[in-house]
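Novice: Structure below; questions to follow.
The values are calculated or read from the model by the stated rules, or taken from the named source; none is laboratory data. Keep in mind that this is a model prediction, so the values were computed, not measured. Note that we place each Cβ from the backbone using ideal geometry, even for glycine, and neighbour counts take in every protein chain shown.
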Amino acid sequence: MTKPEINMKNISVKELIINNIVPILFICICAVGIPLSGYSGSYLLNEILSRLGRNSFLVLSLLIPVMAGMGLNFGMTLGAMAGQIGLIFVSDWSVVGIPGMVLAAIISTPISIILGYMCGTILNHAKGREMVTSYIIGFFMNGVYQLFVLYLMGSLIPISSSELILPRGYGIRNTVNLESMRKSLDNLIPFNIFGASVPVATLILVAIFCLIIIWFRRTKLGQDMRAVGQDMEVARQAGIKVERTRVLSIILSTVFAGYGMIIYLQNIGTLNTYNSHSQIGMFSIAALLVGGASVDKANIRNVFIGIILFHLMFTIAPTVGRNLIGEAQLGEYFRVFVSYGVITLALVLYEMRKRRAERIALEKGEEVAV
Amino acid sequence: MDLNTVKAKAVPMIKSFGLPRLIITGFLLLMFVIAPFAGVNVASGLSNMFTRFGMNAVLVLAMVPMVHSGCGLNFGLPLGIISGLLGATMSIEFGYAGFTSFLMAIVLATPFAVILGAGYGVLLNKVKGGEMMIATYVGFSSVAFMCIMWLLLPYDSPTMVWGYAGTGLRTTISVADYYGGVLDNFLRIEIGHLVIPTGTILFFALLSLLVWLFLRTKTGTAMTAAGSNPVFATASGVNVDRMRILSVVLSTWLGAVGIIVYEQSFGFIQLYMGPFNMAMPAVSAVLLGGASVNKASIANVVIGTLLFQGILTMTPSVTNGLIQTDVSEVIRIIVSNGMILYALTRKQEVTR
């Protein structure tokens, strides 16, 4: 009897490593990289705190669709677009600081709701391939966003500020200066620790959002979402409106992603009108996966571990590249490679685990049938 | 014939043709009709369309084998492109010229395509059902990985490396002195403004014929069977996993040849992030031609590429002439991704 037990233990250790291979890999990369980069502890602490502040909200917005079994919401870029449109209007009306951010959030909300509703409805027609579909929706809406911002703004939609409009008379410039609200939330409550500034107000907002998510899990809607995520058919039998629940989860995620984008951009201080949103989805998803999340399981702990590890790598990679091979470009390429590689690895592991589970379930089913 | 019978015949025809395809065909025809009023020469518009058809058709053809074996749309096309780029740069490095350099590029790309394709195929066999998302990210990660390699690999042909550093490949490399235009200029037809790159189109026709013939061999039929009904195929003694790997290798190789054909017409090799966004246009072109997630034919490739490239070449010139604005980029994004979305959300494919 003892032998199988040891075997079981071996398997579980192996499985523990396989299940957490992505975070383990990242801890190794960071452990090797930090001494090579030669950065001081206070610099790294400062960077990590600032990046925690600006990215947490965005990454947290991904949790709700995972709960509803819809996988990683690559469509969060839609929310980011809505947030950016809000910011463009606010800077045109020159509302500055915190009021500007709040107003941008208010403008972004209805846009996010409409886009999220659309996205959710389309995803209901593509059950089982939500991720690739939401990914393409992101690209598709990017075209619509460009049509809106590059051609309609300033021609059909009144934009008065000449600083925003391209010299040809319509369309928004490539970069929108957000200096007037730069770090207005981060520095609302000034606080320093070991020479690193802490974005207290932003982190408080993030904490509130975490509490909302914890509370939301316990509400009727949250329970429904988890049931739908477990098994759509069973949930339907239990009288849950599956389609409606799924659409709601995407809407919520999109709205929060919009707020997250506004928080992110107030930290950065400039809006790259045509680029900011397109990469944010990839980086947020990579960060979540680095934290040990998978397509069907993600929690708040994954978010924070992921952001710290992923952005540590992101900060040090160019310098390590320069110090090791004398080429900073190499480090830049390396971090792009790692971002994509992490997503690939996590997706492959998830699919393999899913297939194994299906096979085991099938074998068990056959045994019962025999 | 009264109206009802016409309607009864027309509705299923439209349905089988697909509404999006109908709209886009109509749009393209409209472009050609209003082109003269916008001051655009129709003949040069057609020439552009044919040139770009020749450039892209083989890349679109690379979708066919994988769709046949049930691996879905080949979003991992960048992997094939990378093999092609390795072949192309090595052919130049070894100093081949003219048509030989074109052939050698294909020959040198082949082992890479076979090895990378086989690895990719084995991976896709482990993730059945989730191929498309993983294919996308395999493509992206391999492009990013090759960005590192292009900097480090020991190339030293002065036409390819950065002048001042002496190492690391340039982002764009001219192929004018090597295989630039070797197919385009073969039996080239020029009537006034109308130019047809006969050689490129013949080369595509040859490859299509080979693929068409292959799909009718015993192995090809087995591959199609593996795609349309894996359970039945296994029962009749087909090794489904092996067929899928074979199809991925074929698709990857066609992607490699496709990018070399593209370069000879385009005139440049684009390295680094160049291959990054090349999968989407090819995927949407084959869908535009009437393919679906699990069905694709050579006819789909031809029609789709003509339509897609037609829109790409006609809209900028026509809209520029009419409203002095170039909205082609936006139209390209919306059309290509809209087409993919349409294919992903169709009912019959969800329940396969």
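Novice: Can you pull out the residues in segment A:93-139 that are of a type in the set (S, T, N, Q) and touching a residue at least 40 places away in the same chain (Cβ under 8 Å)? Step through it out loud before you land on a result.
Specialist: Residues of segment A:93-139 that are of a type in the set (S, T, N, Q), as a first pass: A:94, A:108-109, A:112, A:121, A:124, A:133-134.
If the condition is that a residue be of a type in the set (S, T, N, Q) and touching a residue at least 40 places away in the same chain (Cβ under 8 Å), then A:Ser94, A:Ser108, A:Thr109, A:Ser112, A:Thr121, A:Asn124, A:Ser134 are the ones that fit.
Novice: Kindly indicate whether A:Ile204 is aliphatic (A, V, I, L, M) and in a helix (DSSP H, G or I).
Specialist: Considered against the rule, which asks whether it is aliphatic (A, V, I, L, M) and in a helix (DSSP H, G or I), A:Ile204 comes out as yes.
Novice: Take the conditions over 30 Å from B:Trp150 (Cβ atoms), within 13 Å of chain A (Cβ to nearest Cβ), out of contact with any Pro (no Cβ under 6 Å at 6 or more places or on another chain) and among the aliphatic types (A, V, I, L, M) and apply them to B:Val283. Does it pass? I'd like the intermediate steps shown before the answer.
Specialist: On the way: over 30 Å from B:Trp150 (Cβ atoms): no; within 13 Å of chain A (Cβ to nearest Cβ): yes; out of contact with any Pro (no Cβ under 6 Å at 6 or more places or on another chain): yes; among the aliphatic types (A, V, I, L, M): yes.
In short, no.
Novice: So which of B:Met133, B:Met223 ends up being of a type outside the set (Gly, Ala, Ser), over 30 Å from B:Phe50 (Cα atoms), facing another protein chain (nearest Cβ under 9 Å) and surrounded by 21 or more Cβ atoms within 10 Å (Cβ to Cβ)? Working first, answer last.
Specialist: Values: B:Met223 fails: facing another protein chain (nearest Cβ under 9 Å).
Exactly one of B:Met133, B:Met223 is of a type outside the set (Gly, Ala, Ser), over 30 Å from B:Phe50 (Cα atoms), facing another protein chain (nearest Cβ under 9 Å) and surrounded by 21 or more Cβ atoms within 10 Å (Cβ to Cβ), namely B:Met133.
Novice: Report yes if some residue within segment B:199-220 is within 14 Å of chain A (Cβ to nearest Cβ) and either aromatic (Phe, Trp, Tyr) or not in a helix (DSSP H, G or I) (or both); otherwise report no. Can you show your working first?
Specialist: From segment B:199-220, those within 14 Å of chain A (Cβ to nearest Cβ) are none; that's our starting set.
Checked segment B:199-220: no residue is within 14 Å of chain A (Cβ to nearest Cβ) and either aromatic (Phe, Trp, Tyr) or not in a helix (DSSP H, G or I) (or both).
Novice: Within segment B:200-225, can you find the residues that are over 24 Å from B:Asp184 (Cβ atoms) and either under 23 Å from the mean Cα position of the chain (by Cα) or β-branched (Val, Ile, Thr) (or both)? First the steps, then the outcome.
Specialist: Here is the first cut: in segment B:200-225, the residues over 24 Å from B:Asp184 (Cβ atoms) are B:213-225.
Scanning segment B:200-225 gives B:Leu213, B:Phe214, B:Leu215, B:Arg216, B:Thr217, B:Thr219, B:Gly220, B:Thr221, B:Met223, B:Thr224.
Novice: Being free of Cβ contacts under 8 Å to residues at least 40 places away in the same chain, among the polar types (S, T, N, Q) and either closer than 30 Å to B:Gly180 by Cα or surrounded by 17 or more Cβ atoms within 10 Å (Cβ to Cβ) (or both): is that true of B:Thr305 here?
Specialist: Values: free of Cβ contacts under 8 Å to residues at least 40 places away in the same chain: no; among the polar types (S, T, N, Q): yes; either closer than 30 Å to B:Gly180 by Cα or surrounded by 17 or more Cβ atoms within 10 Å (Cβ to Cβ) (or both): yes.
So B:Thr305 fails the test.
Novice: Next question, about the same structure. Any idea how many residues of segment A:145-165 are in contact (Cβ under 8 Å) with a residue 24 or more places away in the chain and within 11 Å of another protein chain (Cβ to nearest Cβ)? Outline the logic, then answer.
Specialist: Here is the first cut: in segment A:145-165, the residues in contact (Cβ under 8 Å) with a residue 24 or more places away in the chain are A:145-146, A:148-150, A:153, A:159-161, A:164.
From what is left, the residues that are within 11 Å of another protein chain (Cβ to nearest Cβ) are A:145-146, A:148-150.
So the answer is 5.
Novice: May I pose another question? Looking at A:Ser284, A:Ser276, which is the one that is buried (at least 24 other Cβ atoms within 10 Å of the Cβ), under 23 Å from A:Ile137 (Cβ atoms) and of a type in the set (S, T, N, Q)?
Specialist: A:Ser284
Novice: B:Leu123: more than 19 Å from the chain's Cα centre (by Cα) and outside any loop (DSSP other than H, G, I, E, B), yes or no?
Specialist: Criteria met by B:Leu123.
Novice: In segment B:318-337, which residues are touching a residue at least 12 places away in the same chain (Cβ under 8 Å) and either within 7 Å of another protein chain (Cβ to nearest Cβ) or among the basic types (Lys, Arg) (or both)?
Specialist: Listed by number, the residues that qualify are B:Val327, B:Arg332, B:Asn337.
Novice: Go through (1) buried (at least 17 other Cβ atoms within 10 Å of the Cβ); (2) away from chain B (no Cβ under 14 Å); (3) outside any helix (DSSP H, G or I) for A:Ser94 and report which single condition fails.
Specialist: Single failed check for A:Ser94: (1).
Novice: Being more than 28 Å from B:Cys147 (Cα to Cα), surrounded by 19 or more Cβ atoms within 10 Å (Cβ to Cβ) and among the β-branched types (Val, Ile, Thr): is that true of A:Ile360 here?
Specialist: On the way: more than 28 Å from B:Cys147 (Cα to Cα): yes; surrounded by 19 or more Cβ atoms within 10 Å (Cβ to Cβ): no; among the β-branched types (Val, Ile, Thr): yes.
In short, no.
Novice: Within segment B:261-273, is even one residue among the aliphatic types (A, V, I, L, M), away from chain A (no Cβ under 13 Å) and touching a Gly at 6+ places or on another chain (Cβ under 8 Å)?
Specialist: If we filter segment B:261-273 for residues that are among the aliphatic types (A, V, I, L, M), which is where we start, we get B:261, B:269, B:271, B:273.
Those left that are additionally away from chain A (no Cβ under 13 Å): B:261, B:269.
The next check asks that each one be touching a Gly at 6+ places or on another chain (Cβ under 8 Å); those that pass are B:261.
Within segment B:261-273, one or more residues are among the aliphatic types (A, V, I, L, M), away from chain A (no Cβ under 13 Å) and touching a Gly at 6+ places or on another chain (Cβ under 8 Å).
Novice: Further, regarding this structure: Could you list all residues from segment A:118-134 that are in a helix (DSSP H, G or I) and facing chain B (nearest Cβ under 7 Å)?
Specialist: Residues satisfying the conditions are A:Ile122, A:Met131, A:Val132, A:Thr133.
Novice: For B:Thr100, are the conditions met, namely being more than 14 Å from chain A (Cβ to nearest Cβ) and β-branched (Val, Ile, Thr)?
Specialist: yes
Novice: What is the number of the single condition among (1) within 22 Å of the chain's Cα centre (by Cα); (2) closer than 28 Å to B:Arg332 by Cβ; (3) among the hydrophobic types (A, V, I, L, M, F, W, C); (4) more than 14 Å from chain A (Cβ to nearest Cβ) that B:Phe112 does not meet?
Specialist: (2)
Novice: Which one is farthest from the chain's Cα centre (by Cα) among residues in segment A:135-144 that are within 7 Å of chain B (Cβ to nearest Cβ) and of a type in the set (A, V, I, L, M, F, W, C)?
Specialist: Here the answer is A:Val144.
Novice: When you look at B:Met160, is it within 14 Å of chain A (Cβ to nearest Cβ) and touching a residue at least 40 places away in the same chain (Cβ under 8 Å), yes or no?
Specialist: So B:Met160 fails the test.
Novice: Can you tell me how many residues in segment A:166-192 are without any contact (Cβ under 8 Å) to a residue 12 or more places away in the chain and not polar (S, T, N, Q)? First the steps, then the outcome.
Specialist: Step one: of segment A:166-192, the residues without any contact (Cβ under 8 Å) to a residue 12 or more places away in the chain are A:167-168, A:190-192.
Narrowing further to those that are not polar (S, T, N, Q): A:167-168, A:190-191.
The total comes to 4.
Novice: In segment A:302-324, is there at least one residue being modelled with pLDDT of 85 or more and within 11 Å of chain B (Cβ to nearest Cβ)?
Specialist: Checking segment A:302-324: not a single residue is modelled with pLDDT of 85 or more and within 11 Å of chain B (Cβ to nearest Cβ).
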